[in-house]
Amino acid sequence: MSIILNFESFLIGENSKNSPIPELFEEDNLGIILLGIPGSGKSTFSKNIISKYQKNIKFFSTDDVSFKFTKDSSKYHTGSSDLNRKYLLNYIKSGQNFVYDTTGS
């Protein structure tokens, strides 16, 4: 697993004190990575907050990939994480906005 040692190059200054996440108003080249334990609210945050401000953003969720195979949201399909990552890496080349929802495992 790769470890990012220097986060400073990823930080963007706050544009407005009225918006808690000013980056959500960016039109191009926005990549959001939501990392956390299962059930921590990553997908809920994506659907309720991010999609509200970014209408054309693409979501990459391992849970969604797994569901396509199992048809059961409580079951995990082996290989879904790798497949989701492959989808994401291919999509990044397009330069379009995305959200990557992952546990980081």
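The values are calculated or read from the model by the stated rules, or taken from the named source; none is laboratory data. Since this is a predicted model, take the numbers as computed values, not measurements. Glycine gets a Cβ as well: all are built from the backbone with ideal geometry, and neighbour counts include every protein chain shown. Just so you know, the surface numbers come from the protein's heavy atoms only, side chains and all, with ligands and any DNA or RNA stripped out. Shrake-Rupley method; radii C 1.70, N 1.55, O 1.52, S 1.80 Å.
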Considering only Cα-Cα distances, which of the following residue pairs are longer than 21 Å: LYS47/LYS68; LYS55/LYS86; LYS58/LYS93; LYS58/LYS86?
LYS55/LYS86
Rounded if a/c is under 1.5, else prolate if a/b beats b/c, else oblate: with a ≥ b ≥ c from the C-alpha gyration tensor eigenvalues square-rooted, which is segment 55-105?
prolate
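Subtracting the Cα-Cα distance from 0.36 nm times the residue separation, let me have the gained length for SER74 to ILE37 in nm, one decimal. Show your work: numbers first, answer last.
Working: separation 37, 0.36 × 37 = 13.32 nm, distance 1.48 nm.
Between SER74 and ILE37, full extension yields 11.8 nm more.
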Average accessible surface area per residue within segment 40-92, 1.4 Å rolling probe, Å²
70
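Report the trypsin sites (Lys or Arg not before Pro) located in segment 45-95 that are in a DSSP loop and have at most 12 other Cβ atoms inside 10 Å of their Cβ, or state none. Walk me through the numbers on the way to the answer.
Working: sites: LYS47, LYS52, LYS55, LYS58, LYS68, LYS71, LYS75, ARG85, LYS86, LYS93; in loops: LYS55, LYS71, LYS75, LYS93.
When the trypsin sites (Lys or Arg not before Pro) of segment 45-95 are filtered for loop state and at most 12 Cβ neighbours within 10 Å, LYS55, LYS71, LYS75, LYS93 remain.
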Can you return the aspartates and glutamates within cross-link range of LYS52? Criterion is Cα-Cα under 14 Å, with same-chain partners fewer than 8 residues away left out.
GLU23, GLU26, GLU27
